[in-house]
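Here's the structure we're looking at; comments come further down.
The values are calculated or read from the model by the stated rules, or taken from the named source; none is laboratory data. Predicted model only: the values in this text are computed from it and were never measured. Using ideal geometry, Cβ is built from the backbone for each residue, glycine included, and neighbour counts are taken over all protein chains shown. Side chains included, ligands, DNA and RNA excluded: accessible areas come from the protein's heavy atoms. Shrake-Rupley method; radii C 1.70, N 1.55, O 1.52, S 1.80 Å.
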Amino acid sequence: MPSYLVDTAQRKYRAIIERGILARTGEHLPAAGGKVFVITTRDVWQFHSSRLAAGLAGRSHEILFFPGGEENKRLACLEALAEEMVQRGGDRSSLVIAFGGGIVDDVAGFLAAIFMRGVPVLQIPTTLLAQVDAAIGGKTGVNLACGKNLVGAFHQPVAVLIDPEVLATLPEREYRAGLFEVVKCGIIRSPSLFSMLAEKRAAVLAREPEIVERVISECVRIKAEVVSADERESSIRVILNLGHTVGHALEAETGYSRFLHGEAVSFGMRAVTYLAERTGHLSAEDSVEILNLLDLYGPIPPLDGVSAGTLAARTVMDKKTLKGQVRWVLPVRIGEVQVVPGIDDAVVRSAIEEALG
Ligand code: GLY
């Protein structure tokens, strides 16, 4: 099974893709160290607790439940988890295991980053979206009412353990939402992944093990390579945000409760595809190919009541905005993107309008 090195200034670690690795978690924990705190949600725990418990055999641990949901990814929840960690014996020798989807990865990772000024975190992602993106690369944080992930820290994990077996219990909507991050990887850096997604849709949606592992592996390879080149998003890492500027605006505008992150990113990728075509960065043929692939893995929930003007205004609050200028990540062909700052507001708004349909 493949494993990829993520080589950052903060830490070097491996993202390992291996069936059944959950039950071998203990092998990947630092030998020395104190109590382990597993941060998870009740649904994940219900399905996978026995295998993780087997993997932690012999290691003192506590389970802390996070209520789940993007709307709960807030400082108040983080504070409650930190209080609980202290009450249950957490100290500077503790280690956090982030055991869940992207939201748990972000919250537990941020908790580890700031608990007693920082303890290690092991990421064990249980959704496709977290396995191909969120758990790798050390981005952690919580939302503010005015924007997504606006408070956080880079905190690289000691390892990322990716067990494709856990995807068997993932609800269909969550699985499809994760596939939009996979589509993103194809658009930004992998024409072969893009073609595979177009040609093998049925096998991908049926979660055929061999194809799921190929998909995860290609995305993890890309993520490890990009993060190793630019840990802190000062240059190339920004390409991983294709579709995220408009996607984050959609999530914030709809109270973080109507769209899953991957669904919002799908909408965002549609908008930037129109934007790239309108600004002459993308051919009409490639634009159609991207839109068709997004349709193949859709639809996303209805966009009723969402206004292009409000979304366009929100994009300025994105973290990628510098000195008031949004840095747009635009597809320029299948497998390649370009960062284009300062596109005229009216053009952005009309591309979003077109994506709203
Ligand atoms: N999810 C984008 C990144 O990790 O940079």
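By its C-alpha gyration tensor, with a ≥ b ≥ c as the square roots of the eigenvalues, how is the range 117-164 shaped: rounded for a/c under 1.5, else prolate for a/b larger than b/c, else oblate?
oblate
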Report the number of Lys pairs in the chain whose alpha-carbons are under 21 Å apart, with separation of 8 or more residues or on distinct chains. 22
Where nothing but the Cβ of Lys and Arg (+1) and of Asp and Glu (-1) is charged, how large is the charge dipole of the range 230-322 around its Cα centre, in debye to the nearest 20? 320
Probe of 1.4 angstrom, ligands and nucleic acids ignored: what's the accessible area per residue over the range 36-164, in square angstrom? 33
Tail weight of P(r) past 29 Å, computed on alpha-carbon pairs of the chain, percent: 36
Compute the acute angle (0 to 90°) between the alpha-carbon long axis of helix 345-356 and the principal axis of greatest extent of the alpha-carbon atoms of the chain; round to the nearest 10°. 80
Under the rule a/c < 1.5 gives rounded, and otherwise a/b versus b/c splits prolate from oblate, where does the range 179-260 land using the Cα gyration tensor? oblate
Nearest 20 debye, what's the magnitude of the dipole of the range 125-268 about its Cα centre given +1 on Lys and Arg Cβ and -1 on Asp and Glu Cβ? 240
Putting +1 on Lys and Arg Cβ atoms and -1 on Asp and Glu Cβ atoms, find which of 126, 44, 136 reaches farthest to the positive end of the dipole of the range 3-151. 136
Percent antiparallel among DSSP beta bridges with both residues in the range 1-142, to the nearest 5? 25
Accessible carbon and sulfur surface of the chain relative to its total accessible area, %, 1.4 Å: 52
Over the chain: helical MRE at 222 nm, DSSP H runs n ≥ 4 each giving -39500 (n - 2.57), nearest 500: -13500 deg cm²/dmol
Restricting the count to DSSP beta bridges whose residues both fall in the chain, what percent are antiparallel, rounded to a multiple of 5? 45
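I need the shape label for the range 233-357. Rule: rounded when a/c is under 1.5, else prolate if a/b > b/c, else oblate, with a, b, c from the alpha carbon gyration tensor.
rounded
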Measuring from its Cα centre, the chain shows a charge dipole (+1 at each Lys and Arg Cβ, -1 at each Asp and Glu Cβ) which, in debye to the nearest 20, is 880
Could you tell me which residue out of 281, 261, 307 lies farthest along the dipole of the range 230-312 toward its positive end? Charges go on the beta carbon: Lys and Arg +1, Asp and Glu -1, centred on the Cα centre. 307
Under Karplus coefficients 6.51, -1.76 and 1.60, residue-wise ³J(HN,Hα) of the range 288-297 in Hz, glycine/proline x: 4, 4, 5, 4, 5, 5, 4, 5, 4, 9
Nearest 10, in degrees from 0 to 90: the angle of helix 75-87 to the longest Cα principal axis of the chain is 10
Relative to the first principal axis of the alpha-carbon coordinates of the chain, what is the inclination of helix 261-278, with its axis defined by its Cα atoms, in degrees from 0 to 90 and to the nearest 10? 30
Hydrodynamic radius of the range 164-317 per Kirkwood, over alpha carbon pairs, in Å: 16.3
Considering only DSSP states other than H, G, I, E and B, which GluC sites (Glu not before Pro) in the range 240-320 qualify as loop sites with at most 14 other Cβ atoms within 10 Å? none
Could you work out which residue, out of 273, 140, 169, moves most in a Gaussian network model of the chain, that is, has the largest mean-square fluctuation with Cα springs under 10 Å? 169
